[in-house]
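Note sheet for the following structure.
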């Protein structure tokens with residue numbers, strides 16, 4: 001009973017202290033657990049303004065809520081950023097106001113992905129509206145004592161057909177991407193996951209449905225329980241940052257991306273909504289986030305890959321995270337999701353049919 005009372009007291013005190021804090025507030029809208037708690041706490045101690053974090057569960061969740069309240073900074077993924085631009089919701093980034101991070105600091109492979117968007121048939125300049133925050137890939141976390149890497153290299157995404165204990169990731173975009181990548185590779189089709197035909201999508205729905213069974217789980221955050229030692233599945237689909245963290249916790253794990261088939265590379269960036277009332281503080285906080293030492297500390301706590309080449313080098317030199325999960329390479333078959341409302345709806349519907357099957 002005393003313990004319960006003390007916890008309640010602490011919560012009440014926290015609310016009271018926040019109410020008594022008369023500093024201006026910078027409201028930051030970002031994904032769940034996507035900024036280091038210790039990192040942010042240290043900032044809030046010493047700043048002339050206070051950062052308030054509001055979290056969203058997915059880019060789709062963010063897109064449904066971004067205009068229901070006033071936010072000063074948002075951290076969406078590439079395709080969601082593109083949608084916000086299409087809705088005229090963002091200010092252009094004034095790179096002259098960012099002095100801790102320049103475009104020349106961006107990792108070479110990340111810049112290749114950004115330039116691919118810019119040079120695409122439907123050109124999009126991500127750096128015009130966003131400052132890269134974290135980035136990564138979608139791949140396979142596997143237990144090295146149960147799965148041989150040579151088998152992964154041979155089969156790629158098709159290893160999901162082997163009837164192993166496995167976890168699929170409950171994300172419509174990523175799972176449809178996996179299905180399309182294996183389908184295109186198996187049938188020698190040169191087509192983007194952003195422009196599938198109806199026949200492509202029908203084949204993917206059939207393939208994904210065939211993967212379901214007693215040995216296949218479909219989950220998200222449960223990957224942390226499933227892949228800790230001892231592992232409860234042989235392999236799980238997940239993002240590279242989650243893999244980097246898990247590998248540190250369980251040395252029997254490794255991370256694999258099917259290079260010959262390709263995957264999704266995602267870029268999460270800091271953007272400034274046109275409705276922001278704290279533009280000066282917004283730029284100040286961007287400068288704080290992307291400063292070399294701060295970017296290192298934040299990446300170390302979160303485990304996702306920094307956009308800074310020098311931070312990536314520091315992480316790998318210090319052996320903070322394993323290179324297979326932390327160092328992201330943009331390979332020939334890799335793609336980024338593009339904003340396409342029609343395709344997005346169809347992808348969501350297909351995944352719902354797979355889940356219901």
For the pair residue 215/residue 21, report the inter-label distance in nm, with labels modelled 7 Å from Cα in the Cβ direction. 5.0
So what's the projected area for segment 184-284, the Cα convex hull averaged over all directions, in nm²? 10.9
Provide Rg and Dmax in Å for the chain, with only Cα atoms included in the calculation. 21.0, 66
What percent does the relative contact order of the chain come to when contacts are Cα pairs within less than 8 Å and at least six residues apart? 28
Cα-projected label distance for residue 202 with residue 123, points at 7 Å along beta-carbon direction, nm: 3.8
In nm², the average projected area of the convex hull spanned by the Cα atoms of segment 8-150 is 14.0
Percentage, to the nearest whole number, of Cα pairs in segment 261-357 over 21 Å apart: 56
Could you tell me the center-to-center distance, by alpha carbons, between segment 89-103 and segment 215-269 in angstrom? 33
Crossing angle, helix 341-356 versus the chain [Cα axis fit, 0-90 degrees, rounded to tens]: 60
Helix 198-210: angle to the longest alpha-carbon principal axis of the chain, degrees 0 to 90, nearest 10? 90
Taking neighbour counts of Cβ atoms within 10 Å as a proxy for exposure, in what order, fewest first, do 32, 201, 228, 81 appear? 32, 228, 201, 81
Relative contact order, percent, of segment 283-356 when contacts are C-alpha pairs under 8 Å separated by at least 6 residues? 19
Using only Cα atoms, find the angle between the long axis of helix 279-290 and the longest principal axis of the chain, and express it within 0 to 90 degrees, rounded to the nearest 10. 60
Alpha carbons only, please: Rg and Dmax for segment 145-217, in angstrom. 12.7, 40
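Every number here is computed from the coordinates shown, using simple stated rules; none is lab data. In this text, all values refer to a predicted model and were calculated from it rather than measured experimentally. Counting neighbours? That spans all protein chains shown, and the Cβs are built from the backbone with ideal geometry, glycine included.
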